[in-house]
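The structure under discussion appears below in the form of structure tokens.
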Amino acid sequence: MKIISSYSIKGGVGKTALAVNLAFAFREAGHRTLLIDLDPQGAASFYFRVGSAEKFKMRDARSMAEGLRRNIRESDFPGLDIIPSNLGYRHFDILLDGMAKSRKQFRKVLEEFRPDYDVIILDCPPNITLLSENVFRASDAILVPVVPTVLSRRTFEQLTCFFKDEELPCKALRPFFSMVQKRNKMHREIMGELPESYPGFLTTVIPFSADVEKMGLHRMPLLAYSHACEAARAYRALCDEIFSTLNPQP
Ligand SMILES: Nc1ncnc2c1ncn2[C@@H]1O[C@H](COP(=O)(O)OP(=O)(O)OP(=O)(O)O)[C@@H](O)[C@H]1O
Ligand SMILES: [Mg+2]
């Protein structure tokens with residue numbers, strides 16, 4: 001079982017668009033996939049037309065796993081399940097804070113799902129909290145959408161510094177360019193420079209596309225309604241790239 005998170009400190013960079021399309025792409029490739037919406041905004045849950053999760057009591061890792069399990073919903077696409085978000089998730093931090101090894105508990109929680117899923121995808125909110133640190137330590141890959149702009153680059157650099165300072169697994173950080181406009185000179189310049197100083201950059205680029213924005217109207221992943229458009233092909237290519245990174249050929 002692989003755990004892949006979609007994360008950035010910055011808001012509105014394409015984390016949820018990535019999470020829902022990646023989940024769809026993994027399921028399309030035959031992997032039993034679970035998408036967990038950790039963001040109280042609940043955008044991923046909205047795209048999959050599922051209501052918010054029921055509240056549950058969380059005392060320790062086991063009760064957290066049980067509560068999450070009770071909230072598993074089948075999506076409209078067999079082989080892809082979702083745990084929707086709940087405003088109660090904002091208490092994850094308080095709960096984790098009260099536990100021993102408070103930065104490593106979430107991995108333990110997710111391990112409970114190993115028999116049932118090949119891939120777990122986490123759609124994260126744009127902040128750094130104790131839950132984020134748990135996500136970092138639980139993830140085999142942390143995918144970070146970087147829009148090729150000055151501020152987005154700066155936020156990514158802040159994240160890499162945080163990882164170094166906190167001795168987090170830097171190798172798991174896998175940034176990629178998101179919402180790219182090829183005609184934009186600044187986008188081209190930043191895309192030329194940044195991967196040189198950060199070798200972990202994925203090569204797949206997600207283009208800016210009105211097709212992606214329409215997910216809110218269709219309420220389903222782009223891959224489900226526009227299978228062959230440029231952005232859909234890019235999400236599928238990203239899925240292949242991550243899969244081969246996590247499962248290197250001997
Ligand atoms: N490649 C893209 N091209 C055009 N629009 C996009 C693209 N990716 C995402 N969007 C749009 O940009 C907006 C923000 O995207 P999304 O919700 O995926 O970002 P996010 O990082 O998850 O935001 P938040 O930090 O609020 O959770 C949405 O309206 C979405 O439809
Ligand atoms: Mg989001």
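No value in this document is a laboratory result; all are computed from the given coordinates. Source: prediction; values computed, not measured. Cβ: placed from backbone, ideal geometry, glycine included. Neighbour counts: every protein chain shown.
Details
- Compactness ratio for the range 149-192: Cα radius of gyration over 2.2 N^0.38 Å (N = residue count) comes to 1.34.
- Listed from fewest to most Cβ neighbours within 10 Å, the set 150, 13 follows the order 150, 13.
- A P(r) calculated from all alpha carbon pairs of the range 104-158, with 10 Å bins opening at zero, reads 19, 47, 24, 9, 0 percent.
- Rg then Dmax, both in Å and based on the Cα atoms of the chain: 17.2, 52.
- Across the range 21-30, rounded Karplus estimates of 3J(HN,Hα) from the backbone phi angles (6.51 cos²θ - 1.76 cosθ + 1.60, θ = phi - 60°) give 6, 5, 4, 5, 5, 5, 5, 4, 7, x Hz, Gly and Pro being marked x.
- Loop-located GluC sites (Glu not before Pro) in the range 152-250 (DSSP state not H, G, I, E or B) with no more than 14 neighbouring Cβ atoms inside 10 Å: 166, 167.
- Per-peptide average of other Cβ atoms within 10 Å, ordering 71-77, 171-177 highest first: 171-177, 71-77
- In this label model, residue 203 and residue 149 are separated by 2.9 nm, measuring between points 7 Å along each Cα→Cβ vector.
- Highest mean packing first, where packing is the average number of other Cβ atoms within 10 Å per residue, the peptides 95-101, 64-70 line up as 64-70, 95-101.
- All aspartates and glutamates inside 20 Å of residue 55 as judged from Cα atoms, apart from same-chain residues fewer than 8 positions distant: 37, 39, 66, 74, 81, 93, 97, 112, 123
- Using the Cβ-Cβ distance between residue 162 and residue 183 with R0 = 30 Å, the FRET efficiency computed as 1/(1 + (r/R0)^6) comes to roughly 0.35.
- Subtracting the Cα-Cα distance of residue 70 and residue 240 from their residue separation scaled by 0.36 nm leaves 58.1 nm.
- Relative packing of peptides 36-44, 55-63 - highest average C-beta neighbours within 10 Å first: 36-44, 55-63
- Across 2/108; 10/57; 15/108, pairs whose alpha-carbon gap is larger than 21 Å: 10/57; 15/108
- Near-label residues of the range 26-55 by backbone N, under 20 Å of a point 7 Å along Cα→Cβ of residue 112: 33-40, 52-55
- Equivalent ellipsoid semi-axes, the range 176-250, via Cα gyration tensor eigenvalues times 5, rooted, Å: 24, 20, 8
- Length gained when the stretch residue 100-residue 225 is fully extended (0.36 nm per residue, less Cα-Cα span): 40.5 nm
- According to the Cα-based calculation, Rg over Rh for the range 80-195 is 1.02, with Rh computed by the Kirkwood formula.
- Between 34, 194, 18, the residue with the greatest mean-square fluctuation in the GNM of the chain (Cα pairs under 10 Å linked by springs) is 194.
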